[in-house]
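The values are calculated or read from the model by the stated rules, or taken from the named source; none is laboratory data. Remember, predicted model here, so these are calculated numbers, not experimental data. Glycine also receives a Cβ, built like all others from the backbone with ideal geometry; neighbour counts cover every protein chain displayed. In case anyone asks, the SASA skips ligands and DNA or RNA and just uses the protein heavy atoms, side chains included. Shrake-Rupley method; radii C 1.70, N 1.55, O 1.52, S 1.80 Å.
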Amino acid sequence: MAEDWGSTSFLEEQFRRYYRAGVAKVDPPLEMERREFGFLPFDGGVMIRHTSFSDPSQLHAFIMEKAPAHIYYSSAYYREPRADMESKGWIGADMVFDIDADHMETPCRMNHDAWRCNLCGAEGMGRAPERCPKCGGTTLEEETWVCDICLDKAKGEAQKLLDILIQDFGIPLEYLKVNFTGNRGYHIHITAPWIRGLDQRARREIVDYVTGSGMRIELLGFRPGVKGSSPLHGLGWRGRASKALYDYLAKPPPRLLEEVRRGRGKKMRSITDSRDEILKVLGEGPPSGILKYLGRESLNRLMEEAVREQAAAVDTVVTMDIHRLIRLPNTLNGKTGLIAQPVSVEGLEDYDPLSSSIAFKGGEVPIYVRRAPMFRLGGEKYGPFKEEPASLPLAAAIFLLCRKAARIGR
Amino acid sequence: MISEREASKYPFLKEAASLLEHLEIDIENLTDQRYRPILDRGEERVIQAIRYGVVGGGLKDDLAEFLSFPIAVMLVSMTRDPFLERRYALAEAVRARRLLESEDEGRIAEIARGEFRWRIKVQRREIEDTIYSFELHFVDYLRNSSSFREDKWRLINRILTEGYVLLTKAEAVRLLQVEVEELIRRLSSRRVESNMPEQIMERLGRIKRTLDESRSSIGDSALPSEVIHGAFPPCITHSYRTLTAGGRLSHIERFTLSSFLLNIGMEPERIVQLFVSASDFDEGLTRYQIEHISGLRGSRTRYTPPNCMTMRTHGICHNPDSLCGKVKHPLSYYRRRASELRMSPKARKDR
């Protein structure tokens, strides 16, 4: 028998115990009877889909019985949530922004992420390359881990997104729900009724807005002859983009300086040369004054770079999807054993996901770990481990089992 | 109650419709000699839409002018021609936009709220060199601007604050045109009884003739509304047949075929099904690629197929015929062949 990395029957039992004690905490989504639910069991079988529940007690009973590894519900509202996709009768959908450290460049990935080529078995640290450097194979397995740096970055993106949704889109706090996913990111739900009917094209426009894509500086007031005061106080992206540019030039990142050194055109050099003048124009206006120092195209390019700092990095495909299944808040994430946990908008700043979302409290469990980087849970750090037995508190043991990095026993 | 003057300007308003009910006009009475100018004007509205793409002029008598609108809508819906429905709706919408441009902000907002339930505020703001007159809720904004391709309509390039997009008067009216067009398209696609008095049927005949005569010239700028397989250029027919016969297409052939089908108005979903059912293409990946080409994803550019020269370079120009010698692009071939087919009723059956 192949080795049982993850000890799934042990995990399923633990999850069941957790839900028996605390299933009441699982809040059903708004208008639950119109949602589709999906469950991924521990046994590696297919997702149980096209289910629906008319009241919380039904849902709770189902969860206690099946003790699934992952629990999802549709962001969409359907007339017939149990029907197959074609005949469900889509009514509308919440908008759910997916912020996931998997899509971010964080320096720590070199320390905790790893890849392996399925073809030749070559291995390496960090993000998986497009092709295996050894054999050119394209099927690479990637192993990613949560860490404080990644989660802080994701939190920062969530906060930028919330700022834009509140200030620019005027979404009232009561319609904004923030959830830690229980793994590497956050979901931000807009449940406002007026959002529900938006089609994919409209959602695309919103995603482009929050990610700062497709911005034309001449449409933000940076065009010849425009009078006015400092663009830093402009509404919406005008102010935000101008502030981004200001910060960017005030302390240019090494990459920009490097490009200038490598002589990417005269224009790039003139940017650093006339930096003080540009900063002055940004501070005093008019916005058109900046064109004295920068051509339209180089300003556009520079702005694009700068705006990336102010824009929120959300996963475009997931966010635009109007049929997506989303993790149900206050359920366990089968990839970590942590709780996918709601966080208040005000509380996000001080939220520590790796402490607050711990579900399992309990004594030492003997396990055998095949490989794990150092990780933190609560106040404790564990690892790194490589092919060794360890005795860990229940939460840490479950975390490693869920990662399929360990098994029960010595 | 709405004035007859207002009803003649904006005959599509709900208030105008209730005026019509109030008048209790019976279809039977339409043949009455007194109503003849109304029928004439109704017919004229449609003919103007076909010929010029905009409805102009009008009767001096406001009530008669107003009554000619439902007549025109009825005539359009009797043709059961989706192309005319769209063309007529656009022509009436352009007319309405021109009239709205000379209204004051209050009236524009009143129509937008009352008729289309827009969340719109009249709020004058001067920012840099632009005078904004309105604030429109972003949901209403997106619903009506999503078909526009210019950068200036993209949400990212608008001033958006506390849920509202700032609009100039011209922009607000341009967005209203989209609503009016949609409303009139709905009205004229309603099915009506085709059993009508002679005076109406005569007019219907004239409209159909004008439409057929004008199709080729209008068709030069607009593609036919339905997919006409018989008008495919030989290169596309070749790829299409290869695909449906389960054969393999090169990457560039797949791109050419899907961008061609998208551009002649085939639904992305149908194209996905075509690829998936005819071969072992992965559905998710195919959908992703088709949506990309259609501009729903990625750079948002809607791709067109390569021109004939590029196709020759790639060796995918197959069996060129005489019409191929006169065009440089597969889409031009399609437009011309489609309008030829429309002109001869016999050929239409071969589709």
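Within region A:274-367, report the trypsin sites (Lys or Arg not before Pro) that DSSP leaves as loop and that have at most 11 other Cβ atoms within 10 Å.
Those satisfying the criteria are A:Lys361.
Indicate the gyration tensor shape class of the protein assembly as shown (rounded, prolate or oblate), computed on the Cα atoms with a ≥ b ≥ c the square roots of the eigenvalues: a/c under 1.5 is rounded; otherwise a/b larger than b/c is prolate and the rest oblate. Prolate is the answer for the protein assembly as shown, as a/c is 1.5 or above and a/b outweighs b/c. Dipole of chain B (Lys/Arg Cβ +1, Asp/Glu Cβ -1, origin at the Cα centre): which of B:Ser259, B:Val46, B:Ile120 lies farthest to the positive side? Of B:Ser259, B:Val46, B:Ile120, it is B:Ser259.
Taking amide H atoms as placed 1.01 Å from N in the peptide plane, the amide H of A:Gly92 lies under 5 Å from those of A:Tyr77, each 5 or more residues away in sequence or on another chain. The trypsin sites (Lys or Arg not before Pro) of region A:36-116 that DSSP puts in a loop, and whose beta carbon has at most 13 other beta carbons within 10 Å, are A:Arg79, A:Arg82. Let me know the shape class of chain B, please: from the alpha-carbon gyration tensor, a ≥ b ≥ c as square roots of the eigenvalues, rounded when a/c is under 1.5, otherwise prolate if a/b is greater than b/c, or oblate. Cα axes put chain B in the oblate bin. Counting only alpha carbon atoms, the long axis of helix A:275-284 and the longest principal axis of chain A meet at about 90°. May I ask you to derive the relative contact order of region B:103-181, considering only C-alpha pairs under 8 Å and at least 6 residues apart, and to give it as an integer percent? Relative contact order, region B:103-181: 28 percent. Angle check, please: helix A:8-22 long axis (alpha carbons) against the longest principal axis of chain A (alpha carbons), in degrees 0 to 90, nearest 10. With rounding to tens, the tilt is 80 degrees. Residues of region B:116-139 buried by at least 30 Å² of accessible area upon assembly of all protein chains, compared with the chain on its own (1.4 Å probe): B:Glu128, B:Asp129, B:Phe138, B:Val139.
Legend: P(r) of region A:360-410 from all alpha carbon pair distances, 10 Å bins from 0, whole percents, reading 29, 64, 7. Shown for chain B: the carbon plus sulfur share of the solvent-accessible area, taken with all protein chains present and a 1.4 angstrom probe, equals 48%. For A:Lys25, B:Lys152, A:Lys160, the ranking by accessible surface with the largest value first comes to A:Lys25, B:Lys152, A:Lys160, using a 1.4 Å probe.
Taking the Cα centre of the protein assembly as shown as reference, the dipole from Cβ charges on Lys and Arg (+1) and Asp and Glu (-1) amounts to some 2220 debye.
Among the cysteines of chain A, those with no neighbouring cysteine Cβ under 4.7 Å are A:Cys108, A:Cys147, A:Cys150, A:Cys402.
Please identify every one of the GluC sites (Glu not before Pro) in region B:11-70 that sits in a loop by DSSP and has no more than 13 other beta carbons within 10 Å of its own beta carbon. Hits after loop and neighbour filter: B:Glu24. Partner aspartates and glutamates whose Cα lies under 18 Å from the Cα of B:Lys326, excluding those fewer than 8 positions away in the same chain, are identified as B:Asp220, B:Glu340. A simple packing score, the average count of other Cβ atoms within 10 Å per residue, orders the peptides A:343-353, B:175-185 as B:175-185, A:343-353, with the highest score first.
Quick one: helix B:251-263 against the long Cα principal axis of chain B, what's the angle to the nearest 10°, folded into 0 to 90? It works out to around 20 degrees.
Taking chain B as a Gaussian network of alpha-carbon nodes connected by springs under 10 Å, the highest mean-square fluctuation of the residues B:Ile38, B:Ile25, B:Ile200 belongs to B:Ile25. Pairing chain B with chain A buries about 2900 Å² of accessible area. This figure sums both sides and uses a 1.4 Å probe.
Of the whole protein surface, A:Asp102 contributes about 50 Å² of accessible area at a 1.4 Å probe radius. With 26 Å as the limit, the listed pairs B:Lys9/B:Lys169; A:Lys251/A:Lys280; B:Lys169/B:Lys208 have B:Lys169/B:Lys208 beyond it between alpha carbons.
If you wrap the tightest convex hull around every Cα atom of region A:75-231 and split its volume per residue, you get 211 Å³.
Coupling constants for region A:169-184 follow from the phi torsions by the Karplus curve (6.51 cos²θ - 1.76 cosθ + 1.60, θ = phi - 60°), and in residue order they are 8, x, 6, x, 3, 5, 9, 10, 10, 10, 10, 5, 7, x, 9, 10 Hz; glycine and proline get x.
Kirkwood analysis of chain A, using all unique Cα-Cα pairs, places the hydrodynamic radius at 23.8 Å.
Applying the Karplus relation 6.51 cos²θ - 1.76 cosθ + 1.60 with θ = phi - 60° to region A:75-89 yields 3J(HN,Hα) values of 5, 8, 10, 10, 6, 10, x, 8, 6, 6, 3, 5, 10, 5, x Hz, where x marks Gly and Pro. In chain A, taking the dipole from charged Cβ atoms about the Cα centre, the farthest positive-side position among A:Ala69, A:Phe169, A:Ser274 is held by A:Ser274.
Farthest towards the positive end of the charge dipole of chain A, among the residues A:Val314, A:Ile358, A:Pro56, is the Cα of A:Val314, using unit charges on the Cβ of Lys, Arg, Asp and Glu. Per residue of peptide B:146-158, the mean number of Cβ atoms on other chains within 10 Å of the residue Cβ is 6.
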